[in-house]
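First the structure, in the form of structure tokens, and then the observations on it.
The values are calculated or read from the model by the stated rules, or taken from the named source; none is laboratory data. All values reported here derive from a predicted model rather than from experimental measurement. For neighbour counting, all protein chains shown are included, and Cβ atoms are generated from backbone atoms with ideal geometry for every residue, glycine included.
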Amino acid sequence: MSQIANLDQIYLDANATTPVLPQAAQAAMDAMQNLFGNPSSSHITGLKAKNLMEQTRQRAKALLGAENGKLIFTSGATEGIQTGIWSGLIKAKSQLKEGKKYCILYGATEHKAVPNSLAHWNEILGINAEIKAIPVNQFGDLDLEFIKNEVDNALMICTMAVNNETGVYQDLKKLEHCIRDNNPDVYWLVDCVQALGKRSLNLAKTSIDYAPFSGHKLYAPKGIGFIYIRETAPFTPFIAGGGQEGGLRSGTENLPGLAALNVIFGMLLNKDNSSFCSVEVLEHYRQQLTKSLTQAFPSIVFNHSYKNSVPTTLNFAVPGFSSKEIMDLFDAANIRVSSGSACSSKVTRSFVLDAMGLPAWQSESAIRLSFGPAMTQIEVDIACQRILSAANALSNSCLMLDDSKIDQDRAPLDGLVQLRSGSSCTWIYADKESKQALVIDPLPELEKRIDTLLQCQQLTPVAILDTHGHADHVSGRVALAQKYLSSQKTNELGWPTNATELQIGNEKFNALTLGKLTLVKVATPGHTDDSMSLLLTSDTNNLTTSTRYAFCGDTILMGSLGRTNFSSSSAIGMYHSLKQINRLIGQQTLLCASHDYNNEFTTSLSAERIRNPLLQAVLSDTIDESQFLEKKTDLDSSLQDEVGTEILCGAYSGECDKAKIKEYTSESLRQRLAVSPNVNIIDIREAYEYALQHTLDTTSEHSGTDSGLNRGVNIPMTRLVQFIQEHQADKESEWVLVCRSGSRSMVAAQAMHRLGFVNVAHLKGGYALSS
Ligand code: PLP
């Protein structure tokens, strides 16, 4: 069996694309250098090229059982899909009967190339049939009853042999019966992209009219594909021109691609001389990976049944972890997987899993791990080891609880952690010496994560608090308080009734002790009548200079103020609360809000005064409370429709524009580092990613990432606010933030820049492009 893998990275995203098999790459290279003729030329060079092309076609036909059907080479499956759909619909259009209502059917879990092409050609050809998605059940099987009821009026039906996200295959025999019993003439396209090399197909023995395929899903290069067209199916060339492919698809043929396909087909036909594993071996690999995944993540849920899916695709979710987190984790462990399909990797949920009716969290956290038939035992073994190391890194950084390691000596958490879910924030403060903690504004969806962190770090919460009664979400406070502080008597926001009273200046405040720090409660009504701000300070006699963080809930948000149009709101109350906060804390004290709509992490009064004219007017005494009421009412009214959400950044137009940050390429950064030893590299990936990258023995030796870029300290995004707090006096230093892809570092650098870190830069493209 040939070894195509680079074992530094274990590539488990074959359903997106595959590497080119070395033998196929060699054949493509030969075709470029030696067999480079134009198959249309009549000289010997051209004849040789044509011979290769026809041999490849014969191999494809033999492999697919195409018999008298046509086999045309295309640029890939998307072109094949257009060709089939366009051919079928053009013919169907010529047969439309007056007054009859027609539909076009496609499977709800189809690759987007299919419904999007159907909609496009339905409109362009002026057919305007109703396009209907065929539902699937929880296992991904098409609803045959639906097809039975609808197909009689269908001009075309498009289904898929194997799904790209779940590997679920359809029972094509049963499907065919259902279609043909109810409409013998409807044009039927089956997207066979993910079936090639994984399911046997005997196309001419079926009534499938069009079957598109793609080379790059099975170890051929991108840019080559093919389509089978049934002997009796209508056909209209999709690309006209020089008459290549017998006039069926013009354009000079992609001979290097064809040469590569030729090799792949040869291997599929001649199993003895193949790099491909048998189904049994692939099934064994799936079992082995499943075992490791389950051992690593005991609560893992698989999103499809193994009974009706090909062994090369595993789709799963880990409760409590988003797909982005698992992807980042696996990427750091040098295992490449994907969330959903590569074409829609910006989308945070899977329409395929939604169509299967799986719970929302499974769809939002779905991870697809897929491999091809050229997978090797060594790759599976390494993948399994790395999956276990990845899980280990998660438990070491207290994101997953491993009971056997609770007592393990690990670096104690010291200071502030910002957790987030969407744009909402939860804050945890841990005091290293006393092992005490504060939990502020706990979100219910983060309950498990907070609980895990507290247990793993063996922290005792002194209070679990909400800064106000949240109108837009329920609090996770009660559940956590019941677990950790069941005997503590508190008010409805979790503030202990036996908190000590403190005299500061002329005023009395309630306060809690956390190690050497004090948490001072300040009533700041406005957003709601119960809103409070919590000042964490090291010296109660000197709040302005010693308050490290002000947890101010929704009173002051980044770029705006909390809305004051709830029934328990009071704009006038807010006016006085803002002044009160201004009196008590310093202009640079970090404000930790319960929302962060714009990825800014934290803010300060001085930063907000610059961009929030209303706040500035209040704090500089240029408006009175009635003028504030008028302006605030006006602002709030523009947000009337978003009942239950706070004022979004944007209420003050244009003020949320992000700063332009200096960007380094890996080359320019290396040059900078070589001449300036004072540049500080900050790796802002999460601790588990950082740990994995630095423990993988492959990293420094093979990845080419030179020590310059790897020398940075690790300040994860969850700890960035503490970093900002600790470096308030050092805003001139040169910091370069680095992450995996450059997107987190950019956001964090912008946030730091806004707070006055004038020499902050980031590495464009992150570590991904630096090796
Ligand atoms: N159909 C399916 C099921 C696929 O997985 C893909 C690729 O993602 C396509 C169609 C599109 O194929 P191509 O990239 O060759 O255009």
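Looking at the range 189-208, which of the residues that are within 11 Å of the ligand (Cβ to nearest atom) and part of a loop (DSSP other than H, G, I, E, B) is farthest from residue 28 (Cα to Cα)? Among them, the one singled out is 192. Restricting the range 22-44 to residues that are loosely packed, with under 13 Cβ neighbours inside 10 Å and part of a helix (DSSP H, G or I) leaves a set whose member that is farthest from the chain's Cα centre (by Cα) is 44. Among the conditions (1) under 30 Å from residue 746 (Cα atoms); (2) in contact with a Ser or Thr (Cβ under 9 Å, 6 or more places away or on another chain), residue 569 misses just one, which is (1). Pairs only if they're at least six apart or on different chains, beta carbon under 6 angstrom, first in the range 75-93 and in the same structural domain as residue 121 (by TED's automatic domain parsing), second hydroxyl-bearing (Ser, Thr, Tyr) and within 12 Å of the ligand (Cβ to nearest atom); list them, first residue then second. From residues that are in the same structural domain as residue 121 (by TED's automatic domain parsing), the pairs are 76/214; 77/214; 80/74; 81/117; 82/117; 85/117. If you go through the range 209-236 and keep only what is in a loop (DSSP other than H, G, I, E, B) and either modelled with pLDDT under 95 or within 16 Å of the ligand (Cβ to nearest atom) (or both), you end up with 218, 219, 220, 221, 222, 223, 224. Look at the range 489-504: where a residue is on the phi > 0 side of the Ramachandran plot and a partner is among the hydrophobic types (A, V, I, L, M, F, W, C) and in a strand (DSSP E or B), sitting 6+ places away or on another chain with Cβ atoms under 8 Å, you get 494/463; 494/464; 494/465.
Pairs meeting the criteria (first residue in the range 149-163 and assigned by TED's automatic domain parsing to the domain that holds residue 107 and touching a residue at least 12 places away in the same chain (Cβ under 8 Å), second residue among the small types (Gly, Ala, Ser) and away from the ligand (no atom under 16 Å from the Cβ), beta carbons under 8 Å, at least 6 apart or on different chains) are 155/88; 155/92; 155/129; 156/88; 156/92. Does residue 160 meet the test of being within 12 Å of the ligand (Cβ to nearest atom) and among the aliphatic types (A, V, I, L, M)? In short, yes. When residue 185 is tested against (1) more than 16 Å from the ligand (Cβ to nearest atom); (2) in a helix (DSSP H, G or I), only condition (2) is not met. Taken as a whole, the structure leaves residue 468 outside the set of residues that are within 31 Å of the chain's Cα centre (by Cα), in contact (Cβ under 8 Å) with a residue 40 or more places away in the chain and part of a loop (DSSP other than H, G, I, E, B).
For every residue, the table says whether it meets (1) over 29 Å from residue 429 (Cβ atoms); (2) modelled with pLDDT under 90; (3) assigned to a strand (DSSP E or B); (4) hydrophobic (A, V, I, L, M, F, W, C).
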position: 705; (1), (2), (3), (4): yes, yes, no, no
position: 733; (1), (2), (3), (4): no, no, no, no
position: 751; (1), (2), (3), (4): no, no, no, yes
position: 761; (1), (2), (3), (4): yes, no, yes, yes
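Residue-level check: of (1) surrounded by fewer than 22 Cβ atoms within 10 Å (Cβ to Cβ); (2) within 28 Å of residue 378 (Cβ to Cβ); (3) within 16 Å of the ligand (Cβ to nearest atom), residue 270 misses just (3).
In the range 496-513, is there at least one residue being modelled with pLDDT of 95 or more and in a helix (DSSP H, G or I)? Looking for residues that are modelled with pLDDT of 95 or more and in a helix (DSSP H, G or I), one finds none in the range 496-513, hence no.
In the range 599-639, what residues are assigned to a loop (DSSP other than H, G, I, E, B) and touching a helix residue (DSSP H, G or I) at 6+ places or on another chain (Cβ under 9 Å)? Those that are assigned to a loop (DSSP other than H, G, I, E, B) and touching a helix residue (DSSP H, G or I) at 6+ places or on another chain (Cβ under 9 Å): 599, 600, 601, 602, 620, 621, 622, 623, 624. Exactly one residue among 49, 62, 66 is more than 16 Å from the ligand (Cβ to nearest atom), assigned by TED's automatic domain parsing to the domain that holds residue 214, part of a helix (DSSP H, G or I) and surrounded by 18 or more Cβ atoms within 10 Å (Cβ to Cβ), and that residue is 49.
Looking at the range 217-232, I want the residues that are under 13 Å from residue 194 (Cα atoms) and have a partner that is within 13 Å of the ligand (Cβ to nearest atom) and of a type in the set (Asp, Glu) with Cβ atoms under 7 Å, at least 6 apart or on another chain. Which pairs are those? Filtered contacts from the range 217-232: 225/79.
Can you tell me which residue among 518, 528 is part of a loop (DSSP other than H, G, I, E, B) and at negative phi?
Matching residue, one of 518, 528: 528.
Look through the range 273-324, keep the residues that are assigned to a helix (DSSP H, G or I) and aliphatic (A, V, I, L, M), and return whichever of them is surrounded by the most Cβ atoms within 10 Å (Cβ to Cβ). Out of the qualifying residues, it is 293. Only residues that are touching a His at 6+ places or on another chain (Cβ under 8 Å) and crowded, with 21+ Cβ neighbours inside 10 Å were counted in the range 192-224, giving 2. Answer with yes or no whether residue 379 is modelled with pLDDT under 95, charged (D, E, K, R) and out of contact with any Pro (no Cβ under 7 Å at 6 or more places or on another chain). In short, no.
Screening 564, 555, 602, 544 for residues that are β-branched (Val, Ile, Thr), in contact with a Leu (Cβ under 9 Å, 6 or more places away or on another chain) and under 15 Å from residue 724 (Cα atoms) leaves exactly one candidate, 602. Within the range 110-148, the set of residues being within 16 Å of the ligand (Cβ to nearest atom) and either part of a loop (DSSP other than H, G, I, E, B) or polar (S, T, N, Q) (or both) comprises 110, 111, 112, 116, 117, 140. For residue 101, are the conditions met, namely being more than 16 Å from the ligand (Cβ to nearest atom) and either of a type outside the set (S, T, N, Q) or not assigned by TED's automatic domain parsing to the domain that holds residue 233 (or both)? Yes. Of all the residues that make up the range 513-550, how many are buried (at least 23 other Cβ atoms within 10 Å of the Cβ), touching a strand residue (DSSP E or B) at 6+ places or on another chain (Cβ under 7 Å) and among the small types (Gly, Ala, Ser)? Total meeting the criteria: 3. When 88, 99, 167 are checked against the criterion of being small (Gly, Ala, Ser), at pLDDT 95 or above and over 18 Å from residue 313 (Cβ atoms), 88 stands alone in meeting it. Among the residues that make up the range 241-252, is at least one of them within 39 Å of the chain's Cα centre (by Cα), away from the ligand (no atom under 13 Å from the Cβ), at pLDDT 95 or above and part of a strand (DSSP E or B)? So far as the range 241-252 goes, no, none of its residues is within 39 Å of the chain's Cα centre (by Cα), away from the ligand (no atom under 13 Å from the Cβ), at pLDDT 95 or above and part of a strand (DSSP E or B).
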